[in-house]
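Right, one structure below, let's go through it.
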Amino acid sequence: MIVVMKRNASAEDIDHIVKNIEELGLKAVTIQGTERIVVAAVGEERVAGINSLESSPGVDEVLPILAPYKLASLELKPEPSTVHAGSLTVGNGQIGVIAGPCSVESEDQLMETAHAVKKSGASALRGGAFKPRTSPYSFQGLKEEGLKLLAEAREQTGLAIVTEVVSPDDVELVAEYADVMQIGARNMQNYRLLEAVGRCPRPALLKRGPSATVDEWLLAAEYILDGGNENVMLCERGIRTYEAHTRFTLPLASVPYVKAKTHLPIVIDPSHGTGHTYMVPALARAAIAAGADGLIVEVHRNPDKALSDGYQSMTHEQFEEMMGKCRRIAGAVDRSLGSEG
Ligand code: PEP
Ligand code: MN
């Protein structure tokens, strides 16, 4: 339920509502909107007594939150959220561009790409140190050594670091080095991991599971928000369909849908979403035109030598060219792209 306060509600009125909500066994979340304050009562909706809060001082009305997710919903927070993490801003007219290799492979590989994407206007560096691979025989990542290299790349370029965490046990370690905790598609419904990232002070990038509905994805985001982490970005990276001409099917309709239902910013991953380098720039441009708040793309100095996902990675030159074109699309929809903002 949402308790909408009157414009002239006092601090005591708000405290009174928060206390009453907590006494009903629900969690009270106070949200300061541009117009007025609402207090959300999060938890079981059908608690007896919640409706009588409408007669408390300073209360305008008590409304149900119809969406299954609560903290993520636009009903609770009508203004879009913006996520900041060091050099990266996602939302509020700024399209954050997260670029870099699929995996951190070596010091010189990472530094070369970090400097190249920075020069082309990327706002953050991506790179997996812990890799969730489909096959146990594939390269599993450099782990903590990879995290140290990412921190060194941030030192050298000033770019924020986006890297994946695959296990709740690693959350603390990854958070020591990363600016953004990426939760991969394969882990979207790893609820213990979502809870651990919910307790973590770093923003989260939550990828959509390849077989998850949008509602399941938003409920996964709700776990992180419910843990107290307000800085959640959604990432559409494509879903499994019967189609075989792309690695996954990238539904750009997720952008307007998510924006109609939630305040969370949405980032598009056209690299995993297509699985083919030549398709990435077209889908990146389309994502910006559709209203996405960010892009995450794979870039490698030598894609045919990459230890993972080389077939969908751009060269430094291809990334530079893509950025030029994306910047023009961003300008056409009154947004700024990457570090130009
Ligand atoms: C990745 O970003 O390299 C990755 C493993 O992505 P996803 O979780 O979307 O498959
Ligand atoms: Mn990858």
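Quick notes on this one:
- Yes/no for LEU150 being more than 21 Å from ILE266 (Cα to Cα) and surrounded by 21 or more Cβ atoms within 10 Å (Cβ to Cβ): yes
- Taken over the range 265-303, the residue count meeting the criterion of being over 30 Å from ASN92 (Cβ atoms), free of Cβ contacts under 8 Å to residues at least 40 places away in the same chain and within 15 Å of ligand 2 (Cβ to nearest atom) is 3.
- Filter result for THR113 (surrounded by fewer than 19 Cβ atoms within 10 Å (Cβ to Cβ), hydroxyl-bearing (Ser, Thr, Tyr) and modelled with pLDDT of 95 or more): no
- Candidate set: the range 176-187, residues that are more than 13 Å from the chain's Cα centre (by Cα) and buried (at least 17 other Cβ atoms within 10 Å of the Cβ); chosen: the one farthest from ligand 1 (Cβ to nearest atom): TYR177
- Residues of the range 124-156 that are more than 22 Å from the chain's Cα centre (by Cα), touching a residue at least 12 places away in the same chain (Cβ under 8 Å) and outside any loop (DSSP other than H, G, I, E, B): GLU144, GLU145, LYS148, LEU149, GLU152, GLN156.
- When ARG46, ARG36, ARG133 are checked against the criterion of being surrounded by fewer than 24 Cβ atoms within 10 Å (Cβ to Cβ), farther than 19 Å from GLU152 by Cα and either within 16 Å of ligand 2 (Cβ to nearest atom) or in the same structural domain as VAL171 (by TED's automatic domain parsing) (or both), ARG133 stands alone in meeting it.
- Qualifying positions in the range 49-67 - part of a loop (DSSP other than H, G, I, E, B) and either of a type in the set (Val, Ile, Thr) or under 16 Å from LYS27 (Cα atoms) (or both): GLY49, ILE50, PRO64, ILE65
- The set of residues in the range 26-84 being modelled with pLDDT of 90 or more and of a type in the set (S, T, N, Q) consists of THR30, SER55, SER56, SER73, SER81, THR82.
- Of all the numbered requirements in (1) outside any loop (DSSP other than H, G, I, E, B); (2) under 16 Å from the mean Cα position of the chain (by Cα), MET111 misses one, and that requirement is (2).
The values are calculated or read from the model by the stated rules, or taken from the named source; none is laboratory data. In this text the structure is predicted, and so the values were computed from the model without any measurement. Using ideal geometry, Cβ is built from the backbone for each residue, glycine included, and neighbour counts are taken over all protein chains shown.
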